[in-house]
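All remarks here apply to the structure that follows.
The values are calculated or read from the model by the stated rules, or taken from the named source; none is laboratory data. A quick note: this is a predicted structure, and the numbers were derived from the prediction, not measured. Don't worry about glycine lacking a Cβ; one is built from the backbone with ideal geometry, like all the others, and counts go over all protein chains shown.
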Amino acid sequence: MTTPQQLYNLQEIDHRIDSIDAERVRLQKRLADGVNRPDLTVEAENHYTRAVAIGDNVRAKRDEMERLRDRLNGLEVRLYSSNTSRRDLSTIQREVDSAKHQLNQLDELLLELEGEQRTHEAAALAARDEMRSAHAEWQDLIETINDRLAELEADRETSASQRQVLAASLPAADLERYERLRRNKAGTAIARVDNGRVCLACRMTLTSNVLRQLRDKSKQVPCSTCGRILYQP
């Protein structure tokens, strides 16, 4: 008859295979999910487009300022010219004051536009840098995951070979009982006994009769509560 020790060894291999398969599923899902950061292409393009539009507006305002300065220079020449009549002086002075006021407004507007332009340019660069960084990190992660998957594949092949050898040495009836218990007991057919009294699968205290039966290490003793085969090292 198969001993509980043999069945426990088989279960340890099966648990290792289960763990490998679960990790492989998680890693493959991670690869399928892809980069876990949003695509900022549209955001970067929007910031860049806005920066270009503001830049065009800045150039237009600078051209307007140049024309206004030229006009102001001409007005000031007329204002201080000895040929200008008294009647025209007040009119020219008002035009000079108006031109200076417009220049001050344009200068303040340009400062505001240039600041806004720099903000959008910086945001566009930041979005692109973040995407490049995310892509580089993702490529590194892909390599790490693929390396781990290769390790898991090798470990699984080794474990599967060990299981095949051990399972082949067991009587068919014992192996069938073990497999049935694994299916019905959430993957754990063999339960360790803690301190000689407690089934670690269901956490129930074992009866004195069960404890006496466990003294025979070659005998398969079921837990009277959960039905798993008990194993006492």
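Counting only residues that are within 15 Å of Ala32 (Cβ to Cβ) and within 18 Å of the chain's Cα centre (by Cα), how many does the stretch 136-152 have?
Here is the first cut: in the stretch 136-152, the residues within 15 Å of Ala32 (Cβ to Cβ) are 138, 141-142, 145-146, 149.
Applying the additional criterion that residues be within 18 Å of the chain's Cα centre (by Cα) yields 138, 141-142, 145-146.
Here the count works out to 5.
Which of the numbered conditions does Asp216 fail, given that it passes all the others? Conditions: (1) surrounded by fewer than 17 Cβ atoms within 10 Å (Cβ to Cβ); (2) of a type outside the set (A, V, I, L, M); (3) part of a helix (DSSP H, G or I).
(3)
Being modelled with pLDDT of 90 or more and assigned to a loop (DSSP other than H, G, I, E, B) is the filter here, so list the residues in the stretch 195-213 that pass it.
Arg197, Leu200, Ala201, Cys202, Arg203, Met204, Leu206, Thr207, listed by residue number.
Restricting attention to the stretch 69-112, which residues are charged (D, E, K, R) and either within 60 Å of the chain's Cα centre (by Cα) or surrounded by 13 or more Cβ atoms within 10 Å (Cβ to Cβ) (or both)?
The answer is Arg69, Asp70, Arg71, Glu76, Arg78, Asp88, Glu95, Lys100, Asp107, Glu108, Glu112.
Which of the residues that make up the stretch 1-59 are under 36 Å from the mean Cα position of the chain (by Cα) and of a type in the set (Val, Ile, Thr)?
Answer for the stretch 1-59, where residues must be under 36 Å from the mean Cα position of the chain (by Cα) and of a type in the set (Val, Ile, Thr): Ile13, Ile17, Ile20, Val25, Val35, Thr41, Val42, Thr49, Val52, Ile54.
Based on what the data block shows, is Ala160 loosely packed, with under 11 Cβ neighbours inside 10 Å and either among the aliphatic types (A, V, I, L, M) or under 22 Å from Asp18 (Cβ atoms) (or both)?
So Ala160 does not fit the description; no.
Report, by residue number, each residue of the stretch 70-87 that is more than 21 Å from Gln102 (Cα to Cα) and of a type in the set (D, E, K, R).
Arg86, Arg87
Collect the residues in the stretch 162-174 that are touching a residue at least 24 places away in the same chain (Cβ under 8 Å) and either β-branched (Val, Ile, Thr) or touching a Ser or Thr at 6+ places or on another chain (Cβ under 9 Å) (or both), keeping them in residue-number order.
The initial filter retains those residues of the stretch 162-174 that are touching a residue at least 24 places away in the same chain (Cβ under 8 Å), namely 162-163, 166-167, 169-171, 174.
Selection gives Ser169, Leu170, Pro171, Asp174.
Only one of these conditions is not met by Glu121: (1) part of a helix (DSSP H, G or I); (2) surrounded by fewer than 11 Cβ atoms within 10 Å (Cβ to Cβ). Which number is it?
Unmet condition: (2).
Looking only at the stretch 51-61, decide whether some residue is in the same structural domain as Arg163 (by TED's automatic domain parsing), out of contact with any Lys or Arg (no Cβ under 7 Å at 6 or more places or on another chain) and farther than 30 Å from Asp129 by Cα.
The answer is yes, given that some residue of the stretch 51-61 is in the same structural domain as Arg163 (by TED's automatic domain parsing), out of contact with any Lys or Arg (no Cβ under 7 Å at 6 or more places or on another chain) and farther than 30 Å from Asp129 by Cα.
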